Amino acid sequence: MTEKELRHSVADILCQWQGAKKGDDRHRHIIDVYNAYTPLPRGVRMSYTMDWCAAAVSAAGIAAGLTDIMPPECSCGELIKRYKALGRWVEDDAYRPQVGDLMLYAWDDDGRGDCAKAPNHVGMVVDTVGETICVMEGNMGSDSRVGLREMRVDGRYIRGYCCPDYAAGAARRETEEENMKIYRYVAEMPAWAQAAATRAINNGVIKMDETGAAGVWEQNLQPLVWMDRLGLFGGPGGRA
């Protein structure tokens, strides 16, 4: 998988959740994906009533299998700390982000210079068109939904960017691909994983390509089964 493909893989998952609103089934699914990750960052388990912008972008990274380069968090401030520790925090409003980068906001930004105040919100860059940045966000607006916001490069309220190392992630996966089995079709998978994989496909967690094939690495089968047992793909206990 190339760096570009890796970037779009996680952005596509978050875009599939567009329109989810706090309290509906898709919102609960997002929170459940986050809570299924172990160990939970700082031991904090999300409730369905908590602010969930950071959990939404983190859940997309979890679902994409990218936690090695996208450390999960449910707090914007802690998210910045984790990326700073990785050397992947960009303190520059004028930075031109790429798909898959995380934009942090500070709503009390006075518009003078780079804001250094506490962050209030986060979303994921899903496209850039000229000077316009398209950002998909959870917990957006008065109805607390997954929605799309347009920002200008170097615009007001930009706190900075968390920039996962997609190049390193792609290189690591390329090495893994040379030494690990990939299952293109559910029928090729071990019997113990087929039901979970089918439900994951039906819920959009695994995407099919134009030929109808789903590329699932062998190492991802067990996490799929555990997520299915948690009911994340179709009800408690994984019932469709």
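The values are calculated or read from the model by the stated rules, or taken from the named source; none is laboratory data. For clarity, every value in this text was computed on a predicted model and none was experimentally measured. Cβ placement follows ideal geometry from the backbone for every residue including glycine, while neighbour counts extend to all protein chains displayed. Keep in mind that these areas ignore ligands, DNA and RNA; they rest on the heavy atoms of the full protein, side chains included. Shrake-Rupley method; radii C 1.70, N 1.55, O 1.52, S 1.80 Å.
The table for this structure:
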| read-out | value |
| --- | --- |
| Search result, residues across region 38-67 that are open to solvent by 20 Å² or more (accessible area, probe 1.4 Å) and closer than 18 Å to residue 197 by Cα | 62, 63, 64, 65 |
| Per-region count, region 1-28, residues open to solvent by 30 Å² or more (accessible area, probe 1.4 Å) and either under 13 Å from the mean Cα position of the chain (by Cα) or within 16 Å of residue 65 (Cα to Cα) (or both) | 11 |
| Scope region 115-159; condition closer than 14 Å to residue 54 by Cβ, among the small types (Gly, Ala, Ser) and modelled with pLDDT under 95; matching residues | 118 |
| Residue within region 166-178 that is open to solvent by less than 20 Å² (accessible area, probe 1.4 Å) and more than 17 Å from the chain's Cα centre (by Cα) present | no |
| Hits in region 1-57 - residues which are hydroxyl-bearing (Ser, Thr, Tyr), part of a helix (DSSP H, G or I) and within 20 Å of residue 234 (Cβ to Cβ) | 34 |
| Filter result (buried (at least 16 other Cβ atoms within 10 Å of the Cβ), free of Cβ contacts under 8 Å to residues at least 40 places away in the same chain and over 18 Å from the mean Cα position of the chain (by Cα)) within region 205-236 | 214, 221, 225, 228, 234 |
| Flag if residue 84 is surrounded by fewer than 17 Cβ atoms within 10 Å (Cβ to Cβ), at pLDDT 95 or above and not hydroxyl-bearing (Ser, Thr, Tyr) | yes |
| Evaluation of residue 66 against (1) over 23 Å from residue 166 (Cβ atoms); (2) in contact with a Pro (Cβ under 9 Å, 6 or more places away or on another chain) (one fails), failing number | (1) |
| Qualifying residues in region 190-201 (those that are surrounded by fewer than 20 Cβ atoms within 10 Å (Cβ to Cβ) and aliphatic (A, V, I, L, M)) - the one nearest to the chain's Cα centre (by Cα) | 201 |
| Members of region 87-108 that are touching a Gly at 6+ places or on another chain (Cβ under 9 Å), open to solvent by 30 Å² or more (accessible area, probe 1.4 Å) and assigned to a loop (DSSP other than H, G, I, E, B) | 91, 92, 95 |
